[in-house]
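The values are calculated or read from the model by the stated rules, or taken from the named source; none is laboratory data. Everything numeric here is computed off the predicted structure, so don't read it as measured data. Ideal geometry is used to build each Cβ from the backbone, glycine not excepted, and the neighbour counts take in all protein chains shown. We work out accessible area using only protein heavy atoms, side chains counted, and drop any ligands, DNA or RNA first. Shrake-Rupley method; radii C 1.70, N 1.55, O 1.52, S 1.80 Å.
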Amino acid sequence: MSKLFIFLLIVCQIKVVEAQKVHSNKFDAFVKNAIELSEEALYNSTFDEALLFVDNSFFENFSTYESKHKIALTIQNIRIQSFQARLRQLSFNSDEHLSSLLDLLPSVEKLDDEILKAKFFTILSALYRSKNLDLCISYENKALVLFKKKADYKSVAELQATQVSRELDNFFRDNKKEEAIAMIQRFREEIDFSSKYSKYALAYNTRHLANIYRIYDINQKEALKLYKQSLNLREEIGFKPFITASYYSLGIVYSNLGMQEKAIIAYNESIQQAKKVHFIRYECNPYLSIGDIYLTKGDKEKAKDYYLKALKSASANNYENGINNAIEKISNIKN
């Protein structure tokens, strides 16, 4: 029985009870179940289904619909759209989403539910990340205080994973090698913490630590081990959106280690996983990487073949970066 069908059965039951004045606790449970079903759909990369579960326009028709329900549903809706935009190369109107959250802020401040308030601050922080770093950090810290107060250490682990990865990304962007390498111990501490409370955060932390070892060529074998651990965790919890990225990283490390056949296998697996979830970037980029391997081997024809496959995939998905990279690689092949 599909999750969507189960959801529709619940809707029918609620509608029957609605005629008899739904008790607010029952409606709270209904909204909670809808968000949980939405989260499962998000893990499966079935974004349209995930969004359907948390469509505010449906829930607001009930007499027991309150601002707390709108807040919870809006948070989940934005999370889904964020992942969907990342995978499908869609525009994500952060200004519009930020405006909708700020409209809800007065209602959030009145909430008794501190976990919901913390989740709101978390998503608000994420939207401020590229606009106002001070506000981003401020709302993150507010969320952390509330999560810790309520002993929600799963959320603490996941939010801290976001914080430490952002700091590392900034060092990568600014070419601050020493600062990035100095974060190895910090990641080890976060890995130890997240291993107790959140496999999602653990996979995230493990992957970012692997990035340090790989990018700065500190220890490619350690990077390989960490990427495998992250991949295993993502497969264990069923988080499908980023499994393709894990296989792609394995391909890079295998290539760095001179294990080109294993690299090609990993890249091909990345492509297959990307097609399952329609992660456009990884439907294209592994083809480019395989082409690079064959070009290094001196097999220009096979390299060109894979560059053309990348171009075809990128063109079919209107992936501009992929199109440009493929064209450049094809044009650089000298016959």
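Taking the C-alpha atoms only, the angle from helix 94-109 to the longest principal axis of the chain is near 40 degrees.
Positive-end ranking of F239, L295, Q229 along the dipole of the range 215-295, with charges on Cβ about the Cα centre, is headed by F239. Checking the Cα-Cα distances for K142/K221; K70/K199; K149/K221; K110/K131; K154/K262 against a 32 Å cut-off, the pairs over it are K142/K221; K149/K221; K154/K262.
Axis of helix 153-173 versus longest Cα principal axis of the chain: the two differ by about 40°, to the nearest ten degrees.
By the compact-protein rule of thumb, 2.2 N^0.38 Å, the alpha-carbon radius of gyration of the range 202-289 corresponds to a ratio of 1.00. Largest accessible area first, the listed residues S38, S331 line up as S331, S38 when surface is computed with a 1.4 Å probe on the assembled protein chains.
In debye, nearest 20: dipole of the range 34-102 around its Cα centre with unit charges on the Cβ of K, R (+) and D, E (-)?
Numbers: 5 positive and 10 negative charges, 40 e Å.
It works out to roughly 200 debye.
For a distance above 18 Å, tell me the whole-number percent of Cα pairs in the range 103-173 that qualify. Everything past 18 Å amounts to 38 percent.
Ignoring ligands, DNA and RNA, what percent of the 1.4 Å accessible area of the range 287-335 is carbon and sulfur?
Values: 1360 of 2950 Å².
C and S fraction of accessible area: 46 percent.
Heavy atoms of the protein chains alone define the surface here; on that basis the range 75-204 has 52 Å² accessible area per residue at 1.4 Å probe size.
Given just the C-alpha atoms of the range 67-189, how large is their convex hull per residue in cubic angstrom?
It comes to 120 Å³ per residue, whole-number rounded.
Report the calculated FRET efficiency for K32 and K275 (r = Cβ-Cβ distance, R0 = 41 Å), to the nearest 0.05. Result of the calculation: an efficiency of 0.80. The charge dipole of the chain, taken about its Cα centre with unit charges on the Cβ of Lys, Arg, Asp and Glu (plus for the first two, minus for the last two), comes to roughly 680 debye.
Using heavy atoms of the protein chains and a probe of 1.4 Å, the accessible area assigned to D174 is about 70 Å².
Heavy-atom accessible area for I123, with the other protein chains in place and a 1.4 Å probe, reaches approximately 20 Å².
Pairs of C-alpha atoms in the chain farther apart than 28 Å represent 50 percent of all such pairs. Here the gap between K154 and S63, fully extended at 0.36 nm per residue and compared with their Cα-Cα distance, gives a gain of 29.4 nm.
In terms of overall dimensions, the range 179-252 has a Cα radius of gyration and Dmax of 11.6, 33 angstrom. Taking the alpha carbon gyration tensor of the range 238-322, multiplying each eigenvalue by 5 and rooting it gives semi-axes of 20, 17, 8 Å, largest first.
What full-extension length gain, to one decimal in nm, is calculated for A316 and E40 as 0.36 nm per residue of separation minus the Cα-Cα distance? Working shown, then result.
Numbers: separation 276, 0.36 × 276 = 99.36 nm, distance 2.86 nm.
Here the answer is 96.5 nm.
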